[in-house]
Each structure stands twice: as C-alpha cells, then as structure tokens.
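The values are calculated or read from the model by the stated rules, or taken from the named source; none is laboratory data. From a predicted model like this one, the values you see are computed outputs, not experimental measurements. Backbone-built Cβ (ideal geometry, glycine too); neighbour counts: all protein chains shown. Accessible surface is based on the protein model in full, side chains and every heavy atom, while ligands, DNA and RNA are left aside. Shrake-Rupley method; radii C 1.70, N 1.55, O 1.52, S 1.80 Å.
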Amino acid sequence: MKKHNFYAGPSILPDYTIKNTAEALINFYGTGLSLMEVSHRDKEFIEVNDEAQRLFKELLNIPEGYHVLFLGGGASLQFAMIPFNLLNKKAAYLNTGVWASKALKEAKGFGEVVEVASSKDANYNYIPTNFAIPADADYLHITTNNTIYGTEIHTDMTVDIPLVADMSSDIFSRPIDVSKYAMIYGGAQKNLAPAGLTFVIVREDILGKVDRYIPTMLDYRTHIKEGSMFNTPPVVPIFAALQTLKWLENNGGIEAMYQKNLEKAAVLYHEIDTNPIFKGTVANEKDRSLMNICWVMAEGYEQYEKEFLTFATERGMIGIKGHRSVGGFRASTYNALPKESVEALVAVMQEFKALKL
Ligand SMILES: *Cc1c(COP(=O)(O)O)cnc(C)c1O
C-alpha cells in the first residue's frame with residue numbers, strides 16, 4: 001500500500017533528495033568514500049556548501065548585504081541566539097503559538113520584552129492584527145507559520161524596526177520579499193532537509209550593536225566570517241539541503257511550488273468545509289496555513305475521532321494526528337507532498353463520511 005506522509009517534522013522530502021543523499025552516503029561524488037567520512041574541509045564538500053548557499057540565495061532572491069548560514073542547534077537555539085546578538089534594551093514579540101512563546105521566553109533573559117499581541121486566549125486559532133509596535137524596540141520577532149495550530153502570516157509585514165522571522169515550516173513554500181526582514185531562520189527538518197541543520201538569513205548591518213560579550217560560537221559574525229565552517233557543520237543535512245534546493249530549481253522554483261501548495265491546500269480545505277462530519281480549527285479563513293492543515297470532528301461526531309485516525313492510517317495516511325494541544329487532525333502539506341496524497345486523504349475522508357452519515 002502506498003504511504004502518504006503528512007508528518008509535521010521531520011517530514012516528507014523529495015525522492016530526489018533521499019536518493020541522491022543515500023547514494024552519497026555510500027559513495028560521495030565518486031570519491032569511493034561515504035559522505036559521512038569525508039572532511040568538511042575537502043574540496044568536494046566545500047563545493048557542496050558553497051553551492052547550497054548560492055542556490056539558497058538565488059531561489060529566495062536574497063539581496064546584497066545578507067548572509068546565509070548553516071548552523072546546528074535547531075530553531076530552538078536561535079530563540080536564544082537572536083536576543084543574545086540583537087537585544088540591547090527592548091524587543092517586541094508577536095505571540096502566535098507555542099514556538100513564538102518559547103522564543104519570547106528566551107528573550108526575557110536579555111532585556112525588556114514587549115508582547116505586542118497574543119492569540120493565546122483562543123488557543124492560537126488566529127493571527128492578531130492591529131497591534132502597536134514600540135518604535136524603540138531593537139526588533140520585532142514573528143513566527144510566520146504556526147506549525148501546531150495551522151495559522152500563517154501570508155504577507156511580508158512592513159514595520160519600522162528590524163523584523164526577525166521564524167520560518168521553520170514555511171520557508172520555500174511561497175515567494176517572500178527578503179528585504180522586508182532583518183533576519184529569517186528555521187530548522188531545516190520541515191521543508192528542506194533531515195533534522196540537524198538550521199538555516200539563518202541575516203542582514204549584516206544589524207549585528208555588532210549589543211554591548212554584552214557574545215560567546216564565539218553564538219556570535220553570527222563568527223559564522224559569517226568563516227562561511228559556516230567555524231566548526232564542523234552538519235555535513236549530511238547540508239548535502240541533503242542542496243539536493244532539495246536543486247529539486248526546487250528543477251521544478252520551477254518557489255513560484256511554481258507556491259501554485260502547487262495553493263492547489264493542495266484548496267483541495268483539503270474544501271473537503272474540511274464541505275464534509276459535515278469535520279470542521280476546521282482556524283477562526284479566520286485568511287489565516288489558514290498552506291503548510292499545516294488542521295481540523296477536528298464536527299459537533300455530534302466527536303466520538304469518532306480515534307476511529308477516523310485508525311481508519312485513515314490503515315489506508316496509508318501517515319502522521320495526521322493533530323498536536324496534543326489542538327487535538328483532532330493535522331495534515332502537513334510541505335513542498336515535497338504530491339497533490340495525489342492530498343486527493344487520497346480527501347477520498348478517505350469521504351469514505352468515512354459515507355460510513356457515518
Ligand atoms: C519545529 C519548529 C520549531 C522548532 O525547531 P527545532 O529545530 O526542533 O528547534 C520552531 N519553530 C517552528 C515554527 C517550528 O515549526
């Protein structure tokens with residue numbers, strides 16, 4: 001039976017990425033050595049690293065003045081590294097979910113933190129709007145896609161202070177205007193590569209403005225200076241990321257991906273909205289994520305939640321259990337997920353409806 005991979009992260013990657021990485025793990029570029037056992041300072045790997053950075057910049061149209069870094073530690077380490085490097089007196093945070101609030105919590109260790117708005121009271125089922133941003137804050141931190149709740153900020157915000165965005169789960173899913181951001185970062189394990197790689201896009205002019213001592217390894221300037229080779233970088237995930245970037249390039253780039261993602265999301269949201277035994281969890285249609293689509297059983301059908309999960313899993317739908325803080329179901333529809341997988345899920349939802357109505 002074909003498996004349809006809807007995991008939220010780590011999650012589905014293109015076959016192209018998996019096959020090429022598997023091959024390199026046996027024989028890296030014809031060297032007769034495994035990718036796992038070659039020096040990161042070898043010519044072959046330096047080419048991989050350089051090419052991945054180059055493609056990363058090209059695909060996202062990253063302007064001059066920005067650097068792309070490949071680091072370890074996950075998005076979670078960035079929650080601390082960002083205030084360490086950028087927060088002098090005050091920072092502003094938009095609280096749209098658990099990840100956003102974890103980022104906010106870390107910043108509190110470095111200075112005053114203003115929560116500009118929060119949707120916590122409604123279990124983060126919408127994106128707050130019309131909030132005031134303190135003009136004297138060093139930066140505003142946002143989470144563009146809230147992986148757990150299925151909400152997303154679809155437009156690049158225009159703000160007067162540096163904008164820092166966690167794009168762990170929607171990087172490369174839609175066109176973005178990088179020039180609107182001072183920094184963009186994320187764990188690669190949602191839409192790019194296996195776990196172990198963190199990407200950071202940083203505008204150089206925001207660095208070097210805090211007074212405190214920054215440990216060498218936690219200072220973005222170290223990694224800029226050393227081209228992400230200050231210490232041993234996550235070699236295998238970087239190689240895999242390069243494969244995904246090539247796959248993106250060969251498949252029409254981000255604009256083509258975005259069109260495909262819009263189509264996939266439309267198919268699944270349509271089913272959620274029209275199938276009477278299910279309902280969506282996000283309050284406003286405009287906040288619905290293209291990458292993580294959440295729904296629950298409709299009133300009167302709550303008792304079938306577990307049964308549907310088993311029913312769907314038996315039919316090859318993998319990883320659709322919702323996060324425990326939301327319940328219900330979540331289908332992650334990252335770039336590598338084919339439209340056929342969404343159609344297969346919709347067919348299963350219809351089959352279940354026919355049993356219960
Ligand atoms: C998964 C996720 C994280 C956590 O990433 P790690 O790499 O595991 O630290 C942070 N933010 C968002 C939006 C996520 O989806």
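Summary of values
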| item | result |
| --- | --- |
| Residue match in segment 346-354 (condition: out of contact with any Ser or Thr (no Cβ under 9 Å at 6 or more places or on another chain), outside any helix (DSSP H, G or I) and more than 27 Å from LEU262 (Cβ to Cβ)) | no |
| Qualifying positions in segment 194-225 - touching a residue at least 60 places away in the same chain (Cβ under 8 Å) and either within 11 Å of the ligand (Cβ to nearest atom) or hydroxyl-bearing (Ser, Thr, Tyr) (or both) | ALA195, GLY196, LEU197, THR198, PHE199, TYR220 |
| Odd one out for LYS105, checked against (1) under 24 Å from ALA241 (Cβ atoms); (2) within 16 Å of the ligand (Cβ to nearest atom) | (1) |
| Within segment 134-157, tally of residues that are over 28 Å from CYS294 (Cβ atoms) and either free of Cβ contacts under 8 Å to residues at least 60 places away in the same chain or not in a loop (DSSP other than H, G, I, E, B) (or both) | 4 |
| Counted residues, segment 124-138 - those being away from the ligand (no atom under 16 Å from the Cβ) and at positive phi | 1 |
| Selection count where residues are open to solvent by less than 30 Å² (accessible area, probe 1.4 Å) and among the small types (Gly, Ala, Ser), scope segment 2-26 | 3 |
| Residue among VAL296, VAL282 that alone is assigned to a strand (DSSP E or B) and farther than 23 Å from ILE82 by Cβ | VAL296 |
| Residue match in segment 84-96 (condition: within 14 Å of the ligand (Cβ to nearest atom), assigned to a helix (DSSP H, G or I) and closer than 23 Å to LEU197 by Cβ) | no |
| Index of the failed condition, PHE79 passing every other in (1) under 17 Å from THR216 (Cβ atoms); (2) open to solvent by less than 20 Å² (accessible area, probe 1.4 Å); (3) of a type in the set (Phe, Trp, Tyr) | (1) |
| Filtered residues of segment 184-205 (kept if surrounded by fewer than 24 Cβ atoms within 10 Å (Cβ to Cβ) and either outside the structural domain of ALA91 (by TED's automatic domain parsing) or on the phi < 0 side of the Ramachandran plot (or both)) | GLN189, PRO194, ALA195, VAL200, ILE201, ARG203, GLU204, ASP205 |
| Residue that is surrounded by the fewest Cβ atoms within 10 Å (Cβ to Cβ) [pool: residues in segment 130-152 that are within 16 Å of LEU163 (Cα to Cα) and among the hydroxyl-bearing types (Ser, Thr, Tyr)] | TYR139 |
| Test result for ALA52, part of a helix (DSSP H, G or I) and in contact with a Gly (Cβ under 6 Å, 6 or more places away or on another chain) | no |
| The lone exception for VAL296 - which of (1) without any contact (Cβ under 8 Å) to a residue 40 or more places away in the chain; (2) open to solvent by 50 Å² or more (accessible area, probe 1.4 Å) it fails | (2) |
| Whichever residue in segment 324-336 is crowded, with 17+ Cβ neighbours inside 10 Å and assigned to a loop (DSSP other than H, G, I, E, B) and, among such residues, is nearest to the chain's Cα centre (by Cα) | TYR334 |
| Residue in segment 104-121 that is surrounded by fewer than 20 Cβ atoms within 10 Å (Cβ to Cβ), free of Cβ contacts under 8 Å to residues at least 12 places away in the same chain and closer than 29 Å to ASN231 by Cβ present | yes |
